Amino acid sequence: MEAGGAQREAAQPVLNVSEETPVAGVLRAVDTEEETPAAAGQVVTPYEVSAPVGGIDYEKLINQFGCERIDAAIVDRISCLTARPPHRFLRRGIFFAHRDLNTILDLYEAGEKFYLYTGRGPSSESLHLGHLIPFMFTKYLQDAFKVPLVIQLTDDEKFLWKNLTIAECKRLARENAKDIIACGFDIERTFIFTDINYIGREFYENMLQVQKRVTFNKLKALLGITPEDHIGKVIFPSVQAAPSFPSSFPHLFSGNDQLRCLIPCAIDQDPYFRMTRDVAQKIGFQKPSLIESSFFPALQGENTKMSASDPNSAIYVTDSSKQIKTKVNKYALSGGQDSVLLHRKLGANLDVDVPIKYLNFFLQDDDELEHIKKYETQHQEYKEGRMLTGEVKQRLVEVLSELVATHQRARAQVTEEMVDAFMALRPLPNMFG
Ligand code: ATP
């Protein structure tokens, strides 16, 4: 029986800067005293995710960022429009926030399509489970709505932010592309590109349009960039903005400048796209819509996301079943009690228990998940102490090992030629078919 609970680190807060707010001045500030203890001291930016005891307060994030919650009506609507059951990430509230998703759905209902845009910053040899979340969900959206997808690999970003050479970033981008292709994307509807190879011409023109309309003060507010940062960090947000505009891809969307874009991502990317949405209409495009997920937590708990920057926080898609077992047993924060006796008496604290949170993402069977954690029936197995942490962890190891083994089999089939084919500059004639 494992000890439950763990120390969480104190974190710095970030000040709210919502879309369309004229921004000036300070951007990262101490949260006010009125904040609930759980919400105070929370930081969520593309570069940092941290929260104090209690984990990330997503309700507060929705208010700070000014996005909207995905409710049951939206989930039902997606299910109706696509004539298939909603993905479990939607059913279970993992994709929980959006911007202008209803507009995309209204237009889709009226017969208008859109394109998807997601991405990855190649900072590690392979993806970890957290990175799979947007890709698994994007594949579902692509299949369900039958729409094209552009995937940006920000090798330039990782050169600017990490201690990596350009050559290494380019190599990692190709390796990561193999993991992404292994998620099952349809080559007839998918264009993958790396910034270092692709940026130029129309894409660069859109970057320039963005650069001319975003002040340094605004970037400071949105992203915490400071005058001491190098200028690469100032330019990069325009690189992440440009794929939101269809004319950045003339080989795909020529003459279709008003085509809408939907961006699936975790909510840490929201600041980039608030900036993008602020300028979109000023430069002749529609605002991109967003569908945003919560974070797949670090093994150590919900006060931060699983991140390649901290290898001990992460399970990689290259890990063996043995490595997964070791990581889960050694590092995954348990909500169980310190002794079996106490656990049988008090049950587990599911609010902090990482194995339950991981099962919530990846255990496919809704009934089994409810059986383990259910709150309001006779079957509160783990919460009421009938199931021990060791048993829950064992089930998690099985689920993750199967997921990772399936991914590894798919990844082994991906050749260099396939990477070239996904990255080839080409029209996609049946992308809306
Ligand atoms: P890392 O430090 O692990 O490389 P990152 O944020 O730099 O993290 P990116 O490659 O920039 O990773 O992110 C690619 C996509 O994956 C983004 O949509 C990001 O929000 C999402 N993502 C990254 N980590 C997680 C996570 N732990 N849970 C859910 N989504 C995640």
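Taking the options V234, V210, V214, name whichever one is β-branched (V, I, T) and open to solvent by less than 20 Å² (accessible area, probe 1.4 Å). If you could, list the steps in order and put the result at the bottom.
Working: V234 fails: open to solvent by less than 20 Å² (accessible area, probe 1.4 Å); V214 fails: open to solvent by less than 20 Å² (accessible area, probe 1.4 Å).
Within the list V234, V210, V214, the selection yields V210.
Need the failing condition index for P288 against (1) surrounded by 22 or more Cβ atoms within 10 Å (Cβ to Cβ); (2) touching a Ser or Thr at 6+ places or on another chain (Cβ under 6 Å); (3) farther than 16 Å from Y108 by Cα, just the number.
So the condition that P288 fails would be (3).
Looking only at helices (runs of 4 or more DSSP H) that lie completely in the stretch 124-239, which have at least 2 residues being within 15 Å of the ligand (Cβ to nearest atom)?
Passing ranges, in order: 129-145, 155-161, 166-181.
Do you know which of the residues in the stretch 97-120 that are part of a helix (DSSP H, G or I) and open to solvent by 10 Å² or more (accessible area, probe 1.4 Å) is farthest from the ligand (Cβ to nearest atom)?
Top of the filtered list is E109.
Of the residues in the stretch 306-326, how many are near the ligand (Cβ under 8 Å from one of its atoms) and touching a helix residue (DSSP H, G or I) at 6+ places or on another chain (Cβ under 6 Å)?
Residues flagged as near the ligand (Cβ under 8 Å from one of its atoms) and touching a helix residue (DSSP H, G or I) at 6+ places or on another chain (Cβ under 6 Å) within the stretch 306-326 amount to 2.
Consider only pairs whose beta carbons are under 7 Å apart and that are at least six residues apart or on different chains; among these, list those whose first residue lies in the stretch 121-133 and is within 19 Å of F95 (Cβ to Cβ) and open to solvent by 10 Å² or more (accessible area, probe 1.4 Å) and whose second residue is within 6 Å of the ligand (Cβ to nearest atom) and of a type outside the set (F, W, Y).
Within 7 Å, the pairs are G130/K305; G130/M306; H131/R120.
Just to be sure, is Q364 more than 12 Å from the ligand (Cβ to nearest atom), closer than 29 Å to R120 by Cβ and not in a helix (DSSP H, G or I)?
Here the answer is yes, as Q364 does meet what is asked.
Given the conditions (1) among the hydroxyl-bearing types (S, T, Y); (2) open to solvent by 10 Å² or more (accessible area, probe 1.4 Å); (3) modelled with pLDDT of 90 or more, report the number of the one that Y375 does not fulfil.
If we test Y375 against (1) among the hydroxyl-bearing types (S, T, Y); (2) open to solvent by 10 Å² or more (accessible area, probe 1.4 Å); (3) modelled with pLDDT of 90 or more, just (3) comes out false.
Listed here are the residues, each with its yes/no results for (1) of a type in the set (K, R); (2) crowded, with 16+ Cβ neighbours inside 10 Å; (3) modelled with pLDDT of 85 or more; (4) under 27 Å from P246 (Cβ atoms).
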site	(1), (2), (3), (4)
V26	no, no, no, no
I56	no, yes, yes, no
D76	no, no, yes, no
R88	yes, yes, yes, no
F95	no, yes, yes, yes
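Restrict the check to the stretch 336-344 and report whether at least one residue is of a type in the set (V, I, T), on the phi < 0 side of the Ramachandran plot and without any contact (Cβ under 8 Å) to a residue 40 or more places away in the chain.
Within the stretch 336-344, not a single residue is of a type in the set (V, I, T), on the phi < 0 side of the Ramachandran plot and without any contact (Cβ under 8 Å) to a residue 40 or more places away in the chain.
Where residues in the stretch 258-285 are within 15 Å of the ligand (Cβ to nearest atom) and farther than 21 Å from V214 by Cβ, which of them is most open to solvent (accessible area, probe 1.4 Å)?
A266
The values are calculated or read from the model by the stated rules, or taken from the named source; none is laboratory data. Keep in mind the model is a prediction, meaning the values are calculated, not measured. For neighbour counting, all protein chains shown are included, and Cβ atoms are generated from backbone atoms with ideal geometry for every residue, glycine included. In case anyone asks, the SASA skips ligands and DNA or RNA and just uses the protein heavy atoms, side chains included. Shrake-Rupley method; radii C 1.70, N 1.55, O 1.52, S 1.80 Å.
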